[in-house]
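Since the structure comes first, as structure tokens, the remarks are kept for the end.
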Amino acid sequence: MSDSRPEFRNINAFTDLTTYRMTAGAWVSILHRASGAIMFLLLPFIIWMFDKSISSEFSYAKFTALFNIGAGFVPGWFFKLVALALIWSYLHHLTAGLRHLWMDVSHKAVTKASAKKSAVATFAISLPLTAALAFKLFGLY
């Protein structure tokens with residue numbers, strides 16, 4: 001019984017990558033690494049936000065004004081986008097990490113069908129939560 005799908009042994013970056021379709025699990029894995037890198041690179045911003053939010057009432061007022069007005073040449077919406085990147089990174093990294101832990105614990109979870117379901121569930125959980133927090137961050141509710 002022959003399979004009609006093409007077999008990729010060595011993927012050529014110029015010819016094969018344009019037609020190669022990654023699975024949902026591959027996207028979750030790549031984005032899990034990217035979200036971890038984003039959180040690591042923005043760690044100074046996280047520490048700065050934490051410091052400004054708890055130091056005093058005055059620093060908290062300046063901190064919240066930064067998200068509304070901005071600072072100097074950087075508009076407030078840019079700080080909101082950076083905060084949104086952190087929100088997405090945290091939520092995706094958390095849900096993908098829980099998925100990986102579940103796959104490590106449950107040996108039934110490593111089948112192809114189960115891996116696809118859990119990858120789709122990772123997106124189905126992290127993206128709506130990110131959207132809800134984005135709506136709150138940008139003042140839509």
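When only residues in segment 15-49 that are assigned to a loop (DSSP other than H, G, I, E, B) and hydrophobic (A, V, I, L, M, F, W, C) count, which is nearest to H93 (Cα to Cα)? If you could, list the steps in order and put the result at the bottom.
Initial filter on segment 15-49 (assigned to a loop (DSSP other than H, G, I, E, B)): 15-23, 42.
Checking which are hydrophobic (A, V, I, L, M, F, W, C) leaves us with 17, 22, 42.
Working: L17: 26, M22: 19, L42: 14 Å.
Within segment 15-49, the match that is nearest to H93 (Cα to Cα) is L42.
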- Item | Count of segment 109-130 residues which are surrounded by 14 or more Cβ atoms within 10 Å (Cβ to Cβ) and within 30 Å of G76 (Cα to Cα) | 6
- Going by the structure shown, is Y60 under 25 Å from F135 (Cβ atoms), among the aromatic types (F, W, Y), surrounded by fewer than 14 Cβ atoms within 10 Å (Cβ to Cβ) and more than 21 Å from the chain's Cα centre (by Cα)? yes
- Select, from L140, L101, the only residue that is assigned to a helix (DSSP H, G or I), surrounded by fewer than 13 Cβ atoms within 10 Å (Cβ to Cβ), free of Cβ contacts under 8 Å to residues at least 12 places away in the same chain and not hydroxyl-bearing (S, T, Y). L101
- Message: For segment 50-93, give me each residue that is outside any helix (DSSP H, G or I) and touching a strand residue (DSSP E or B) at 6+ places or on another chain (Cβ under 9 Å).
- Response: I69
- Item | Selection within segment 99-131 - at pLDDT below 95 and more than 19 Å from M22 (Cβ to Cβ) | L101, W102, D104, V105, S106, H107, K108, A109
- Selection status of S106, of a type outside the set (F, W, Y) and crowded, with 16+ Cβ neighbours inside 10 Å: no
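The values are calculated or read from the model by the stated rules, or taken from the named source; none is laboratory data. Computed from a predicted model, the values in this text were never measured in an experiment. All Cβ positions, glycine included, derive from the backbone under ideal geometry; neighbour counts span all protein chains shown.
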